[in-house]
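Heads up: the structure comes next, in structure tokens.
The values are calculated or read from the model by the stated rules, or taken from the named source; none is laboratory data. Here the structure is a predicted model, which is why all the values come from computation and not from measurement. We place every Cβ from the backbone using ideal geometry, glycine too, and count neighbours over all the protein chains shown. Surface areas here come from the heavy atoms of the whole protein model, side chains and all, with no ligands, DNA or RNA. Shrake-Rupley method; radii C 1.70, N 1.55, O 1.52, S 1.80 Å.
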Amino acid sequence: MNPSACRVIFAGFLLVLASTQAGCLVTQFECDNSKPCDELGEVCIYYLSESKNLVATACVKKFEVFGVKNQTFKFQDEVDITFARSFAFGLNPVSIAEYQCCVDKKVCTAIPQEGLDQNCNAHETDADPEQAINCITWDEADRYCEFAQGRLCSEAEWEYSMGKLQEPAGTVREWVGDAWADNVASMPKDGTARNDDSASNGVVRGVINMGNSLAGDPWMQRFNKARHARDVGVGFRCCSDLPIVGGG
């Protein structure tokens with residue numbers, strides 16, 4: 001079997017092109033529905049050949065699990081949040097290939113080609129399929145996470161997780177589930193997202209590069225963005241309630 005001919009499929013949540021090292025060169029059938037992964041944050045990855053035959057499975061860590069139920073932290077250094085639930089935080093933004101999987105299954109909407117900024121990467125023929133997808137609207141991000149049996153992270157979950165992981169700036173800012181509000185004191189105090197289906201603006205979090213002029217830690221930055229906007233600097237990631245369902 002040629003390793004480069006393999007694809008990695010995480011049932012529901014992920015579909016990415018495998019590297020040569022991560023392709024078929026794994027312990028065969030390490031996990032399945034009856035033999036789940038043991039470590040927190042791991043999911044069972046299914047390796048398929050070009051002809052869609054299952055050739056191997058492996059446990060791969062895709063989430064950081066935060067057991068924070070009933071714990072309190074200070075959001076934006078001013079609002080006390082006491083989490084009503086623990087959660088799993090996706091370790092990476094959703095990629096081009098992952099989103100295309102949802103499109104192929106006719107659940108997600110294909111990103112239109114006309115009128116897009118030339119730096120929108122969904123239709124770039126030479127784009128790395130594992131690259132974080134950009135130019136995604138809030139509704140598209142929300143639909144993908146639902147397809148993946150997860151959800152958009154709440155703003156509180158995103159800030160708490162990134163503050164613990166202390167991730168450097170990424171290639172995209174990221175949609176979260178919350179509707180925008182200038183006054184952070186009005187946000188839910190239980191760590192859930194601020195829901196408002198009628199809201200025209202949502203929240204994006206993070207920074208794209210460390211060389212920007214914004215002061216403070218990158219995981220503290222929050223921005224107001226129209227939910228219908230397509231921005232080359234905006235992508236998203238998914239969170240999950242526990243237990244993680246999407247890896248079944």
Could you list all residues from region 131-149 that are of a type outside the set (Phe, Trp, Tyr), in contact (Cβ under 8 Å) with a residue 60 or more places away in the chain and either over 30 Å from ASP190 (Cβ atoms) or open to solvent by less than 20 Å² (accessible area, probe 1.4 Å) (or both)? ALA132, ILE133, ASN134, CYS135, ILE136, THR137, ALA141, CYS145, ALA148
Being of a type outside the set (Asp, Glu), assigned to a helix (DSSP H, G or I) and in contact with a strand residue (DSSP E or B) (Cβ under 7 Å, 6 or more places away or on another chain) narrows it down to one residue among ALA97, ALA88; which is it? ALA97
Report yes if some residue within region 50-61 is touching a helix residue (DSSP H, G or I) at 6+ places or on another chain (Cβ under 8 Å), more than 21 Å from ALA132 (Cα to Cα) and modelled with pLDDT under 85; otherwise report no. yes
If only one of ASP128, ASP117 is within 24 Å of ASN201 (Cβ to Cβ), in contact (Cβ under 8 Å) with a residue 24 or more places away in the chain and acidic (Asp, Glu), which one is it? ASP117
Hand me the list of strands (runs of 3 or more DSSP E) wholly inside region 162-248 holding 2 or more residues that are surrounded by fewer than 17 Cβ atoms within 10 Å (Cβ to Cβ) and modelled with pLDDT of 90 or more. 222-226
With the first residue restricted to region 91-112 and required to be within 18 Å of VAL43 (Cβ to Cβ), and the second required to be part of a loop (DSSP other than H, G, I, E, B) and hydroxyl-bearing (Ser, Thr, Tyr), Cβ contacts under 8 Å at 6 or more apart or on different chains are PRO93/THR171
Please go through region 124-144 and pick out each residue that is within 17 Å of VAL172 (Cα to Cα) and assigned to a loop (DSSP other than H, G, I, E, B). GLU124, ALA127, ASP128, PRO129, GLU130, GLN131, ILE133, ASN134, CYS135, ILE136, THR137
Just one of LYS105, LYS74, LYS62 is over 15 Å from the mean Cα position of the chain (by Cα) and either under 24 Å from CYS37 (Cβ atoms) or open to solvent by less than 30 Å² (accessible area, probe 1.4 Å) (or both); which is it? LYS105
Is there a residue being at pLDDT below 75, more than 22 Å from the chain's Cα centre (by Cα) and either of a type in the set (Gly, Ala, Ser) or in a strand (DSSP E or B) (or both) anywhere in region 27-48? yes
